[in-house]
Amino acid sequence: MILRPRLEDIRSIGYYLGKIIIAIGLTMLLPIAFAIFVGEINPALDFLIGIEISLIIGLVLTKVCFTERDLNWMQGMVVVSLSWLVAAALGAIPLYLSGHWLSYLDACFDAMSGFATTGLSLVGDLDHLSLTHNLWRHLIMFIGGQGIVIVALSFFVRGMSGAFKMYVGEAREERILPNVIHTARFIWLVSFVYLALGTLALGITGIFIGMKPFNAFFQGLCIFMAAFDTGGFAPQSQSILYYHSFAFEIITVILMVLGALNFKLHYCLWMGRRREIFDNIESRTLFVSILVVFSIVAGSLSHYGIYPQALVLFRKGFYQIISGHTGTGFQTMYPGQFFGEWGHLALIGTICAMGMGGAVCSTTGAIKTLRIGIIAKAFIEDVKRVILPEKAIVVQKYHHVKDIFLDDKQVRSALLITLAYLIIYVLGACVGLLFGHPFLNSLFESTSAAANVGLSCGITNPQMPALLKATYMLQMWAGRLEFMSIFTLIGFFVAFVKGR
Amino acid sequence: MIDKHCKFLLAVCLFFAWRGISFAQPLSSEELIKKARTYDNKPVVYAGEVIGDIMFRGEYAWINMSDGKNALGVWIKSGLLAGITQTGAYGSRGDWVEVSGVFHRACPEHGGDLDIHAGSIKLIVAGKKLRQELNKQKRDIVFILLGVLCLVSILRLIKRPLKAK
């Protein structure tokens, strides 16, 4: 028998959702302050409207649904999944008011893409967008990369057990420190240290390549947020191609890889355990998969003679692969060139890279290297069972911060999530097919959306059908949250309708 | 026989003249990207708005030119950019210029970038700063919402002491 959610459930969900909405609203103070600093009056008004609407909704919700009860698992998951939808809807307000998006749906698409650190965009005339709106586009990636709920947990919630439920709901099942609030704050500490270093490196490089100092540091900050949080938005319409700089490409590659590493691994490195990067199953899997995928892509590009020199092939091929594998989506080529020039095999390699993603507890989306590593280990274990004598005891273990024995539960969980991702990649491709796009193009764009990558072969544009926009938005949302909290939300609504 | 040769030469001349004419017309960025192999290493004319920074690299400089669909990178001698004063960004329209040069699908000199090595540049329409006027409708919405926000906050404050009693 399905039990209908009680009023108390709805109150708890409403109360914590209200708190998160207030947190999202307050983040708009940053672009407002920036708009005043650079003298952009109308953009400041867009954000004032955004913050006011957010605060009104947040305050009303926290008042009407006031409760002192803590969240249970179901409520925590529902709060998280709803938070991301609400964040996209509220984050889209200032974007839409700028007039650079054709419809509110388009603005919601970009806001969801930003929060989910995807990078697909429907913005029009990006090169004339205000600095304030550009800052917001990248800031929501920075917030989304850490996790919207992490923002609330870090700054607005004081130790409660429900915090962990929301933390898990945001696809972060690993605690770096015993206390989840401390974990959230550590994630911020890591991010801010890299933010300072990354912005400095990109800003100085920007000056050296001929940019004006203010633009160099502003765009350096934006690019950092998009690279470290494996987002993929860029302040200029040409993405990284705008800078025409090898040094810029190298720095962004380093930042993308750093963003794709587990925060737990960052913690180990910070604590001086450098050996961990060589032993950890995630970094090993990432290294091997990059090597395999790049070999496929390079082989294909070389076979068709796409690039005149090996170094050029390496620079173009490697950049796109790292960008796709880490789930960032920066491009040093135009979307049309993917299908116009790269052969099918190179594209399949890129799709595989996008579909795999980076580490768990990082800012990337997709299946993730830990799961791929676990599945590979399970496969090896099964092969060993067949080869070795029947009486032999086969034990498989892997290293992930500590040595862990592989058990069926881990393999089942890894396989289930992998299967869910594969299904969502194909489903999105089917919707693309419905609108007349070739299968490979549809699969490319669908995988890019669901794996929160942002590389585009040109399907994503403001003129694409609303249903396709909605499909990609759902994929970005589901892909970022890794399904569990979304299944819980669906279950919650089913229980609400069918329950007794 | 001579007649035949003349006809052939005339046909060749007409063909190249046609190619020359077609390439002398500004090409769109979409056309250049889509048919990159066709135009690779060929002289092209491209027109667009200069956007963002002019990035000087010694004797040469990079400019990015947008024709409204895409922006392409143009590698040009710094000395030729003396007439470019306004670049496009928020609050300004950049100079609309036309460049003639050689198109590269994957430039070996610049890491495989799709670019144009321009030999000449011509200013078509000068850019300008755009006046930023206060949007009064937005200002009014801000004040109305501020009123609602104050009301909600006051209601919360009023209800709290009553509950405490």
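Structure notes:
- Residue identified as under 19 Å from B:Val152 (Cβ atoms), surrounded by fewer than 24 Cβ atoms within 10 Å (Cβ to Cβ) and out of contact with any strand residue (DSSP E or B) (no Cβ under 6 Å at 6 or more places or on another chain) among A:Leu59, A:Leu7, A:Leu102, A:Leu30: A:Leu59
- The set of residues in the stretch A:203-234 being buried (at least 24 other Cβ atoms within 10 Å of the Cβ), touching a residue at least 40 places away in the same chain (Cβ under 8 Å) and either of a type in the set (Asp, Glu) or more than 14 Å from chain B (Cβ to nearest Cβ) (or both) consists of A:Met225, A:Ala226, A:Ala227, A:Phe228, A:Asp229, A:Thr230, A:Gly231, A:Gly232, A:Phe233.
- Condition check for A:Thr369: closer than 23 Å to A:Leu291 by Cβ and modelled with pLDDT under 90: no
- Put simply, of B:Gly79, B:Gly111, B:Gly127, B:Gly91 the only residue that is away from chain A (no Cβ under 13 Å) and at pLDDT below 95 is B:Gly79.
- Residue ID - nearest to the other protein chains (Cβ to nearest Cβ), chosen from residues in the stretch A:75-87 that are hydrophobic (A, V, I, L, M, F, W, C) and buried (at least 19 other Cβ atoms within 10 Å of the Cβ): A:Val86
One line per residue, one yes/no per condition, for (1) polar (S, T, N, Q); (2) closer than 25 Å to A:Asp125 by Cβ:
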position: B:Thr85; (1), (2): yes, yes
position: B:Gly88; (1), (2): no, yes
position: B:Phe103; (1), (2): no, yes
position: B:His110; (1), (2): no, no
position: B:Asp113; (1), (2): no, yes
position: B:Ile116; (1), (2): no, yes
position: B:Ser120; (1), (2): yes, no
position: B:Leu123; (1), (2): no, yes
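- Where A:Leu416 falls short, out of the listed (1) assigned to a helix (DSSP H, G or I); (2) of a type outside the set (Ser, Thr, Tyr); (3) in contact (Cβ under 8 Å) with a residue 24 or more places away in the chain: (3)
- Elements of type strands (runs of 3 or more DSSP E) in the stretch B:46-165, at least 1 residues being within 25 Å of A:Thr205 (Cβ to Cβ) and outside the structural domain of B:Glu31 (by TED's automatic domain parsing): none
- Residues in the stretch A:33-74 that are touching a residue at least 40 places away in the same chain (Cβ under 8 Å), in a loop (DSSP other than H, G, I, E, B) and of a type outside the set (Phe, Trp, Tyr) were compared, and the one that is nearest to the other protein chains (Cβ to nearest Cβ) is A:Glu40.
- Condition check for A:Lys384: basic (Lys, Arg) and in a helix (DSSP H, G or I): yes
- Within the stretch A:363-394, the residues that satisfy the criterion of being touching a helix residue (DSSP H, G or I) at 6+ places or on another chain (Cβ under 9 Å), of a type in the set (A, V, I, L, M) and touching a residue at least 12 places away in the same chain (Cβ under 8 Å) are A:Ala366, A:Ile367, A:Leu370, A:Ile372, A:Ile374, A:Ile375, A:Ala376, A:Ala378, A:Val394.
- For the stretch A:352-366, taking the residues that are of a type in the set (A, V, I, L, M) and buried (at least 24 other Cβ atoms within 10 Å of the Cβ), the one that is farthest from A:Ala478 (Cα to Cα) is identified as A:Ala353.
- Among the residues of the stretch A:392-413, those identified as outside any strand (DSSP E or B) and aliphatic (A, V, I, L, M) are A:Ala392, A:Ile393, A:Val394, A:Val395, A:Val401, A:Leu406, A:Val411.
- Filter result for B:Gly48 (surrounded by 18 or more Cβ atoms within 10 Å (Cβ to Cβ), closer than 23 Å to A:Ser130 by Cα and facing another protein chain (nearest Cβ under 9 Å)): no
- Residue among A:Gly76, A:Gly91, A:Gly99 that is within 21 Å of the chain's Cα centre (by Cα) and modelled with pLDDT of 90 or more: A:Gly91
- A:Ser239 being within 13 Å of another protein chain (Cβ to nearest Cβ) and either closer than 24 Å to A:Thr118 by Cα or modelled with pLDDT of 95 or more (or both): yes
- Odd one out for A:Phe496, checked against (1) at pLDDT below 90; (2) of a type in the set (Phe, Trp, Tyr); (3) buried (at least 21 other Cβ atoms within 10 Å of the Cβ): (3)
- Residue-level analysis places A:Ile322 among those that are of a type outside the set (D, E, K, R) and away from chain B (no Cβ under 14 Å).
- Test: residue in the stretch A:343-357 that is within 14 Å of chain B (Cβ to nearest Cβ), in contact with a Ser or Thr (Cβ under 7 Å, 6 or more places away or on another chain) and not in a helix (DSSP H, G or I): yes
- Being within 14 Å of the chain's Cα centre (by Cα) and more than 17 Å from A:Ile53 (Cβ to Cβ) is a property that holds for A:Gly114.
The values are calculated or read from the model by the stated rules, or taken from the named source; none is laboratory data. All values reported here derive from a predicted model rather than from experimental measurement. Positions of Cβ are generated from backbone atoms using ideal geometry, with glycine treated the same way; all protein chains shown enter the neighbour counts.
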